[in-house]
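**Q** Below is the structure I would like to discuss, written out as structure tokens.
Read-outs throughout are calculated quantities, based only on the coordinates presented, and are distinct from any laboratory measurement. This structure is a prediction, so every number in the text was calculated from the model and none was measured. Neighbour counts are summed over all protein chains in view; Cβ atoms, including those assigned to glycine, are modelled from backbone coordinates with ideal geometry.
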Amino acid sequence: MRVLVIGRGGREHAIVWALSRSPRIGKLYCAPGNAGIAQLAECVAIAENQFEELAAFAKREEIDLVFVGPDDPLSEGIVDYLEERGIRAYGPRRNAAEIEGSKVFSKQLLKTYNIPTAAYEAFDDYEQALAYVRSQPLPIVIKADGLAAGKGVIVAQTLEEAEEGLRGIMVDGRFGRSGSRVVIEEFLTGQEMSLLSFVDGTVVRPMVPSQDHKQVYDGDKGPNTGGMGTYSPVPHIPASVVEEAIETIVKPTAEAMVKEGRPFRGVLYAGLMLTEQGPKTIEFNARFGDPETQVLLPRLETDLLEIVLATLDGTLGDLDIRWSDEAAVCVILASGGYPESYPKGLPITGLAEVKDALVFHAGTARKDGEIVTDGGRVLGVVGRGRDIAEARQAAYAEADKIRFEGKHCRTDIASKALQA
């Protein structure tokens with residue numbers, strides 16, 4: 001089969017890596033890709049939002065399947081666009097991708113179908129939102145309605161932080177049109193968990209759970225990022241809690257989307273908080289998470305391409321999906337200054353020295369024959385082992401071999417699993 005993956009980050013590198021292992025792959029492309037992806041697939045200089053050019057390429061190269069990685073093109077309707085032109089594509093259609101594209105929509109869906117989540121109110125008027133913030137207990141969570149590259153969430157500990165964050169989103173336009181509406185919700189406490197599932201309508205096939213680290217600094221300090229690291233499994237979270245989340249949140253959400261005339265097909269990501277009252281929904285994403293994908297796909301023993309094809313063929317419920325018992329820990333190496341401004345084009349050395357870990361490129365490019373930084377999150381180093389401790393040791397040992405100016409990483413990825 002001839003397959004085109006759309007995207008340029010660490011998630012897409014992991015997807016390309018997994019697909020490249022399938023015996024059914026004849027030719028693998030990625031648009032636009034990055035320096036690491038180029039080692040496994042032919043990279044094509046077409047951006048994720050260039051629908052017409054992507055469709056033309058798929059037709060010209062007789063692509064059998066397009067796998068859409070990022071959130072933006074899904075929310076903009078790339079799957080609808082490709083399907084209308086007779087091109088098979090994996091991912092939710094536009095009306096289903098709205099579960100990620102609009103936090104107001106997703107919160108209303110949860111409320112309508114009594115699916116556990118934090119109490120909230122939505123606003124498109126700044127003064128009304130400000131008055132509401134001032135009337136609520138602290139801490140409080142403020143979310144831009146639309147997509148914001150994983151950075152549109154503010155957890156305000158003080159009223160001053162809340163007011164400043166709200167003003168930045170709704171008045172200063174920090175996230176553009178994504179901040180024209182906001183969701184303001186109660187602050188939930190507990191362990192976070194990422195639970196991704198392969199979904200086709202009401203058919204839900206959960207993946208193994210993982211745990212992400214959103215804040216940029218150790219101890220969950222500093223601003224939110226797209227993710228500074230992740231690990232799987234989560235041995236300190238009981239299997240019964242994971243099962244409860246599947247039965248009370250993931251499956252009811254898939255069924256609700258069908259009832260709303262928005263059947264979801266693809267990867268549904270549930271970001272959960274495990275509270276004293278049980279699992280509650282923080283957010284949904286309409287695609288593989290980044291960097292969760294980097295620890296989930298190395299644990300997937302079933303051919304990813306077979307899962308995708310079964311989803312498109314309506315046979316997902318019949319497929320035997322198997323997972324490895326090994327652990328995986330991903331440590332993100334970020335540019336100095338991330339998630340705010342950061343330099344690009346800095347030489348990366350030491351990649352050839354890495355022998356005992358997978359390295360997924362997130363923000364890299366090739367310049368004058370060498371690999372350089374080209375994003376805020378630059379690389380994801382994934383260690384694997386019999387347990388979290390062994391995988392974590394491998395990830396950090398190999399990450400230390402990689403060097404670029406300003407390199408930053410958290411030193412406490414997966415430590416929660418070891419302390420439990």
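**Q** Volume per residue, Å³, of the convex hull around the alpha-carbon atoms of region 327-419? Each step should come with its number before you reach the end.
**A** On the way: hull volume 7.5 nm³, N = 93.
For region 327-419, the hull spanned by Cα atoms encloses 80 Å³ per residue.
**Q** So what's the convex hull volume per residue for the Cα atoms of region 333-387, in Å³? Write down the numbers at each step before the final one.
**A** Numbers: hull volume 4.5 nm³, N = 55.
It is 81 Å³ per residue.
**Q** Using Cα springs under 10 Å in a Gaussian network model of the chain, which residue among Gly376, Gly226, Gly173 shows the largest mean-square fluctuation?
**A** Among Gly376, Gly226, Gly173, the largest mean-square fluctuation in the Gaussian network model of the chain belongs to Gly173.
**Q** What is the packing order of peptides 410-419, 102-111, 10-19, 44-53, taking the mean over residues of other C-beta atoms within 10 Å and listing the highest first?
**A** Packing order, densest peptide first, comes out as 10-19, 102-111, 410-419, 44-53.
**Q** Determine the dipole magnitude for region 281-420: charges of +1 sit on the beta-carbon of Lys and Arg, -1 on that of Asp and Glu, nothing else is charged, the reference point is the Cα centre, and the result goes in debye to the nearest 20. All intermediate terms of the calculation are to be shown ahead of the outcome.
**A** Working: 16 positive and 23 negative charges, 119 e Å.
Around 580 debye, computed over region 281-420.
**Q** What are the extents of the Cα atoms of the chain along their three principal axes, in Å, largest first?
**A** Largest to smallest, the principal-axis extents are 58, 47, 43 Å.
**Q** Moving to a separate point now. When each pair of different Cα atoms in region 191-318 is counted once in the 1/r mean, what is the Kirkwood radius in angstroms, to one decimal?
**A** Numbers: mean 1/r = 0.0657 Å⁻¹.
Here the Kirkwood hydrodynamic radius works out to 15.2 Å.
**Q** Sticking with this one: Do any of Lys103/Lys251; Lys214/Lys280; Lys367/Lys407; Lys214/Lys259; Lys143/Lys367; Lys27/Lys407 go past 26 Å between their Cα atoms, and which? Walk me through the numbers on the way to the answer.
**A** Numbers: Lys103/Lys251 19 Å; Lys214/Lys280 18 Å; Lys367/Lys407 19 Å; Lys214/Lys259 33 Å; Lys143/Lys367 37 Å; Lys27/Lys407 35 Å.
Exceeds cut-off: Lys214/Lys259; Lys143/Lys367; Lys27/Lys407.
**Q** Projected area of region 140-204, taken from the Cα convex hull and averaged over every viewing direction, in nm²?
**A** Numbers: hull surface 23.7 nm².
Taking the Cα atoms of region 140-204, their convex hull projects to 5.9 nm² on average.
**Q** Using only DSSP helix segments of four residues or longer, with each worth -39500 (n - 2.57), what per-residue ellipticity at 222 nm results for the chain after dividing by its residue count and rounding to 500? If you can, show how the numbers build up before the last one.
**A** Working: 14 runs with 121 residues, N = 420.
Helix-only estimate at 222 nm: -8000 deg cm²/dmol.
**Q** Taking 0.36 nm per residue of sequence separation and subtracting the Cα-Cα distance, how much length would be gained by fully extending the chain between Arg21 and Ala47, in nm to one decimal? Walk me through the numbers before you get to the answer.
**A** Numbers: separation 26, 0.36 × 26 = 9.36 nm, distance 2.50 nm.
Gain on extension, Arg21 to Ala47, equals 6.9 nm.
**Q** Right, here's the next one. With only Lys, Arg, Asp and Glu charged, each at its Cβ (+1 for the first two, -1 for the last two), find how big the charge dipole of region 119-186 is about the Cα centre; round to the nearest 20 debye.
**A** Numbers: 7 positive and 12 negative charges, 56 e Å.
In total the dipole reaches around 280 debye.
**Q** While we're on this one: Distance between Cα centroids, region 267-346 to region 191-235: provide it in whole Å.
**A** Result: 7 Å between the Cα centres.
**Q** Could you check what % of the DSSP bridge pairs in the chain are antiparallel, to the nearest 5?
**A** Values: 63 of 78 bridges.
About 80 percent, rounded to the nearest 5.
**Q** What list of whole percents do you get for P(r) of region 2-93, with Cα-Cα distances grouped in 5 Å bins up to the one holding the largest distance?
**A** In order of increasing distance, the bins hold 3, 16, 30, 27, 18, 6, 0 percent.
**Q** Given a cut-off of under 8 Å on Cα pairs at least six residues apart, what relative contact order in percent is computed for region 332-420?
**A** 36
**Q** Okay, moving on. For an R0 of 22 angstrom, estimate the FRET efficiency from the Cβ-Cβ distance between Arg386 and Asp412 and round to the nearest 0.05. Working shown, then result.
**A** On the way: r = 21 Å, r/R0 = 0.96.
Working from the Cβ atoms, E equals 0.55.
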